[in-house]
Amino acid sequence: MKILYASSEIVPFAKTGGLADVAGALPVALSELGHEVVLVMPKYRAVDEKKFDLEKVFDGLPVRVADRIEYADVYRSKIPNSKVTVYFISNRKYFDRDGLYQERGVDYPDNCERFSFFSRAVMEFIPKTSFVPQIVHCNDWQTALIISYAKKMYKWPKTATVYSIHNMGYLGLFPKDQLFKTGFGWEMFTSDTLEFWGNFSLTKAGLVFADVINTVSETYAQEIQTVEFGCGLDGLLKSRHADVYGILNGIDYNVWNPETDPQIVKNYGIKSIPLKYENKAALQRINGLPEKDNLPVIGMITRLADQKGFDILARALEEIIQLKCQLVILGTGDLKYHELLLAAKKKYPRNLGINLGFDSAMAQQIYAGSDMFLMPSRYEPCGLGQLISYKYGTIPVVRKTGGLADTVHDYDPKTGKGDGFVFTEYSSAALVAAVKRAIDTYKNKKVWMPLVEKVMCYDYSWASSARKYVELYKKALKKVGVDLETTSSARKFAADKMSKRDFLLL
Ligand code: ADP
């Protein structure tokens with residue numbers, strides 16, 4: 001299959017969250033299954049042109065935005081150590097900025113224009129290459145317009161479209177007077193197209209027009225069809241429920257592997273678990289915390305957003321600290337949480353390590369050096385932190401929601417079953433109780449160490465999820481009248497007939 005995969009962030013070029021991890025790994029796994037995948041993303045300032053050997057392949061591509069023509073340069077590179085081509089759409093005005101979508105917690109006011117430009121540039125550029133996609137796979141609101149362009153404006157025939165929801169909480173909402181920037185007219189401002197309570201939503205461009213829709217865990221695929229998690233689009237999703245699927249994300253063990261991770265102080269693996277604790281000492285040191293090996297260290301790496309459970313954590317902080325532990329947090333996002341965490345650090349300097357910013361090296365050191373990993377999310381489409389933690393022998397403490405419910409099972413000391421500490425009610429009390437159970441279990445090393453060993457053996461690599469995406473692509477193709485199963489059996493039948501005739505001719 002030929003797959004065009006559009007994402008607004010891709011590891012290792014630019015990242016703010018899990019979407020980048022997925023976009024950097026799933027296409028490689030698909031290409032290893034024999035499919036041809038081409039990626040497209042914006043060329044932000046963060047993309048290191050020299051390091052990734054970007055080559056300019058197109059100069060001054062005209063792209064219509066609103067009533068003007070803007071120009072895109074296009075660069076090309078590859079995902080390192082793969083065959084996967086990545087095209088970068090460049091325009092200084094739109095993408096040569098400090099942030100991807102926002103700065104200091106405030107969204108760029110021209111995000112609609114930026115991603116309309118990006119999406120139309122993709123539509124203009126791809127036909128100029130020799131690559132003819134059978135599948136166009138878009139991710140979240142930033143690239144959703146590509147799907148509506150393929151269906152309604154450029155009318156790419158026989159191209160099947162797939163829309164992946166990585167987070168329903170971001171609807172790509174804009175005031176209606178910006179609709180013209182997308183190039184669409186008022187015919188797209190109806191409740192069954194892009195209109196959303198008087199504004200318009202770019203997420204709807206994906207949900208309404210995609211042949212199939214998926215999200216990143218089975219539980220979240222169900223949850224988004226409810227009022228509680230659907231963010232106002234649960235009705236639309238329910239009406240399309242026959243086309244909504246859940247496929248769990250994998251993780252890329254070339255990046256996330258304590259045996260080879262170049263960012264951590266001491267490499268270790270299943271046969272050398274004691275070395276993990278050199279990373280713990282280093283983590284405590286870097287964070288100015290007392291180097292006590294018997295005190296449990298709880299790590300947290302996250303966007304500082306309401307979704308991630310900071311309100312219940314803020315109220316639980318004092319009680320958690322009284323349980324005798326250290327908490328190391330790395331994150332960036334809402335200013336209110338920056339302030340909250342800095343104030344907490346002042347109050348508990350010996351128990352809290354606070355790192356405000358985006359820092360991949362620190363993230364890897366936290367996965368390696370922590371005993372537990374905390375994810376008290378209000379909702380969580382898949383969550384990668386718990387899967388990465390498993391590999392690093394760090395036990396997750398999570399709220400039972402979305403992908404966390406699918407991947408973390410509450411530990412039962414009687415049977416030894418389970419792989420983390422899970423709480424259900426979204427409350428500080430339930431969170432503290434789960435942390436307490438984790439700390440109590442941690443104190444008994446005869447129980448704790450086998451648990452660490454068990455989770456380090458888990459395999460959440462991309463191969464099996466990539467196969468599920470291939471099945472999803474086949475479903476999308478069927479919707480546009482292309483049946484790969486019958487096409488290949490028809491070809492086989494023709495080949496059989498051919499060989500018989502050839503045989504007769506002999
Ligand atoms: P989300 O996509 O909602 O942000 P996920 O758990 O799916 O959450 O993915 C988060 C990814 O981003 C993980 O790879 C995590 O390690 C990384 N990450 C999040 N915040 C930071 C940060 N401040 N610095 C470095 N890495 C981060």
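The values are calculated or read from the model by the stated rules, or taken from the named source; none is laboratory data. Because the structure is predicted, anything quoted here is derived from the model rather than measured. As a convention, Cβ positions derive from the backbone with ideal geometry for all residues, glycine included, and neighbour counts pool all protein chains shown. Each accessible area value is taken on the protein alone, full model and side chains, heavy atoms only, with ligands, DNA and RNA left out. Shrake-Rupley method; radii C 1.70, N 1.55, O 1.52, S 1.80 Å.
Let's see how each residue does on (1) closer than 24 Å to Ala433 by Cβ; (2) without any contact (Cβ under 8 Å) to a residue 60 or more places away in the chain; (3) in contact with a Pro (Cβ under 9 Å, 6 or more places away or on another chain); (4) within 13 Å of the ligand (Cβ to nearest atom):
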{"site": "Asn355", "(1), (2), (3), (4)": "no, no, no, yes"}
{"site": "Ala363", "(1), (2), (3), (4)": "no, no, no, yes"}
{"site": "Leu374", "(1), (2), (3), (4)": "yes, no, yes, yes"}
{"site": "Arg378", "(1), (2), (3), (4)": "yes, no, no, yes"}
{"site": "Thr401", "(1), (2), (3), (4)": "yes, no, no, yes"}
Number of positions in region 318-334 that are in a loop (DSSP other than H, G, I, E, B) and open to solvent by less than 20 Å² (accessible area, probe 1.4 Å): 1
Output for region 144-172, where each listed residue is outside any helix (DSSP H, G or I), touching a Cys at 6+ places or on another chain (Cβ under 9 Å) and over 19 Å from Gly18 (Cα atoms): Thr161
Selected residue (criterion: least open to solvent (accessible area, probe 1.4 Å)) from residues of region 215-256 that are of a type in the set (Phe, Trp, Tyr) and within 16 Å of the ligand (Cβ to nearest atom): Tyr220
Condition met for Phe189 (free of Cβ contacts under 8 Å to residues at least 40 places away in the same chain, over 19 Å from the mean Cα position of the chain (by Cα) and surrounded by 21 or more Cβ atoms within 10 Å (Cβ to Cβ)): no
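Going by what's in this entry, would Gln386 be described as open to solvent by less than 10 Å² (accessible area, probe 1.4 Å), of a type in the set (S, T, N, Q), modelled with pLDDT of 95 or more and within 9 Å of the ligand (Cβ to nearest atom)?
yes
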Filtered residues of region 194-210 (kept if open to solvent by 20 Å² or more (accessible area, probe 1.4 Å) and either under 22 Å from Asn249 (Cβ atoms) or assigned to a loop (DSSP other than H, G, I, E, B) (or both)): Trp197, Gly198
Region 289-312: number of residues that are crowded, with 19+ Cβ neighbours inside 10 Å, outside any loop (DSSP other than H, G, I, E, B) and in contact with a strand residue (DSSP E or B) (Cβ under 8 Å, 6 or more places away or on another chain): 9
Condition check for Pro109: open to solvent by 10 Å² or more (accessible area, probe 1.4 Å), of a type outside the set (Val, Ile, Thr) and closer than 19 Å to Val74 by Cα: no
Residue match in region 261-278 (condition: open to solvent by 20 Å² or more (accessible area, probe 1.4 Å), part of a loop (DSSP other than H, G, I, E, B), within 16 Å of the ligand (Cβ to nearest atom) and modelled with pLDDT under 95): no
Any hit, region 451-459, residues being more than 16 Å from the ligand (Cβ to nearest atom), assigned to a helix (DSSP H, G or I), among the basic types (Lys, Arg) and out of contact with any strand residue (DSSP E or B) (no Cβ under 9 Å at 6 or more places or on another chain): yes
Among (1) within 22 Å of Ile388 (Cα to Cα); (2) in a helix (DSSP H, G or I), the one test that Tyr337 misses: (1)
When residues of region 433-462 are limited to those that are polar (S, T, N, Q) and in the same structural domain as Tyr277 (by TED's automatic domain parsing), the one surrounded by the most Cβ atoms within 10 Å (Cβ to Cβ): Thr441
Pairs where the first residue, in region 114-138, is surrounded by fewer than 24 Cβ atoms within 10 Å (Cβ to Cβ) and the second is assigned to a helix (DSSP H, G or I) and of a type in the set (Phe, Trp, Tyr), C-beta under 6 Å, 6+ apart: Arg114/Tyr94; Met123/Tyr149
Count of region 341-355 residues which are crowded, with 18+ Cβ neighbours inside 10 Å and more than 19 Å from Glu291 (Cα to Cα): 2
Filter result (surrounded by 19 or more Cβ atoms within 10 Å (Cβ to Cβ) and over 20 Å from the mean Cα position of the chain (by Cα)) within region 78-106: Ile89, Ser90, Asn91, Tyr94, Phe95
Residues that are open to solvent by 40 Å² or more (accessible area, probe 1.4 Å) and more than 15 Å from the ligand (Cβ to nearest atom), drawn from region 155-174: Lys155, Trp156, Pro157, Lys158, Leu173
Number of the exception - Arg350 against (1) in a loop (DSSP other than H, G, I, E, B); (2) within 15 Å of the ligand (Cβ to nearest atom): (2)
Extreme residue, least open to solvent (accessible area, probe 1.4 Å), among residues of region 393-432 that are of a type in the set (Asp, Glu) and in a loop (DSSP other than H, G, I, E, B): Asp419
